[in-house]
1. Tally up the residues in the stretch 98-132 that are surrounded by fewer than 18 Cβ atoms within 10 Å (Cβ to Cβ) and among the hydroxyl-bearing types (Ser, Thr, Tyr), please.
2. Among what's in the stretch 70-87 and is surrounded by 14 or more Cβ atoms within 10 Å (Cβ to Cβ) and under 22 Å from Gln109 (Cα atoms), pick the residue that is farthest from the chain's Cα centre (by Cα).
3. Do we find a residue being buried (at least 22 other Cβ atoms within 10 Å of the Cβ), within 14 Å of the chain's Cα centre (by Cα) and either charged (D, E, K, R) or in the same structural domain as Leu117 (by TED's automatic domain parsing) (or both) anywhere in the stretch 51-59?
4. What tally of residues in the stretch 149-180 results from selecting those that are more than 17 Å from Phe29 (Cβ to Cβ), under 14 Å from the mean Cα position of the chain (by Cα) and surrounded by 14 or more Cβ atoms within 10 Å (Cβ to Cβ)?
5. Mind checking whether some residue in the stretch 92-108 is in a loop (DSSP other than H, G, I, E, B) and either closer than 24 Å to Phe29 by Cβ or assigned by TED's automatic domain parsing to the domain that holds Glu163 (or both)?
6. So for the stretch 123-136 (the condition being outside the structural domain of Arg100 (by TED's automatic domain parsing), over 20 Å from Lys10 (Cα atoms) and assigned to a loop (DSSP other than H, G, I, E, B)), does at least one residue qualify?
7. With respect to Ala17, determine if the residue is exposed (fewer than 13 other Cβ atoms within 10 Å of the Cβ), outside any loop (DSSP other than H, G, I, E, B), at negative phi and outside the structural domain of Val82 (by TED's automatic domain parsing).
Amino acid sequence: MKKADENKQKRLAEIMAVLGPLFPDRKPFLDFNTPFQLLVATVLSAQCMDSTVNKVTPELFRRFPDPAALSTAPLAEVESLVHSTGSFRVKAHNIMALSRMISERYNGQVPDNMEALTTLPGVGRKTAGVVLSVIFGQPAICVDTHFSRTTCRLALSSSEKPEEIEKDIAAIAKKEEWTDVSNVLNRFGRAYCHSRSPECNKCPVKKFCVN
């Protein structure tokens, strides 16, 4: 391991030692009853608050609870149901298309690996990571806007590209800790390290911030 990575590894360990106990609840913010529902909800959550998605999905899943039902749903109806999540036409198309692929290629079951998941329309590595970690218990680094922001401000990564941030964290965190690191830094970003007006005066890891 490079000296720079060793320093970041130590830095991350110290940050997690402080933040970990502050965020013991690592449950998903999105409501779901099945792996398929979590996948769809996560796709809908792109550039949208989880609370908004949670208002949309009960009726969406009441009408179309599984891949077979959603894949054959009327497009206009799906667009209307997901309208408030933003980019509703693209999201409606994606969740219907991924439902069709899951029905046709995977016998209606959400696949359990990164390669297969990321071939589904609208599913990037972050969405796939959420499903893999929550549903299948696989270690995953989930790079969303909160995670990107906090890793930058805490000098754990200098990149703005999700794929590079993921590589940077993978290099300094043990694989079995990837999910916890993702969850804790995400919650830290939501609670303190906001995009605008971060609560620096209350920040428990202020000494690590480079902003």
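The values are calculated or read from the model by the stated rules, or taken from the named source; none is laboratory data. Everything numeric here is computed off the predicted structure, so don't read it as measured data. A quick note on method: Cβ atoms are made from the backbone with ideal geometry, for glycine too, and the neighbour counts reach across all protein chains shown.
1. Result for the stretch 98-132: 3.
2. For the stretch 70-87, the residue satisfying everything is Ala73.
3. yes
4. To start, the set of residues in the stretch 149-180 that are more than 17 Å from Phe29 (Cβ to Cβ) comprises 151-178.
Checking the rest, the ones that are also under 14 Å from the mean Cα position of the chain (by Cα) come to 162-163, 165-166, 178.
This time we only want the ones that are surrounded by 14 or more Cβ atoms within 10 Å (Cβ to Cβ), so: 162, 165-166, 178.
Number of matching residues: 4.
5. Taking every residue of the stretch 92-108 in turn, none turns out to be in a loop (DSSP other than H, G, I, E, B) and either closer than 24 Å to Phe29 by Cβ or assigned by TED's automatic domain parsing to the domain that holds Glu163 (or both).
6. The answer is no; no qualifying residue exists.
7. For Ala17, the condition - exposed (fewer than 13 other Cβ atoms within 10 Å of the Cβ), outside any loop (DSSP other than H, G, I, E, B), at negative phi and outside the structural domain of Val82 (by TED's automatic domain parsing) - is met.
Each row is one residue, and each column tells you yes or no for (1) over 17 Å from Phe208 (Cα atoms); (2) assigned to a helix (DSSP H, G or I); (3) among the charged types (D, E, K, R).
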residue: Arg149; (1), (2), (3): no, yes, yes
residue: Ile165; (1), (2), (3): yes, yes, no
residue: Ala171; (1), (2), (3): yes, yes, no
residue: Glu177; (1), (2), (3): yes, yes, yes
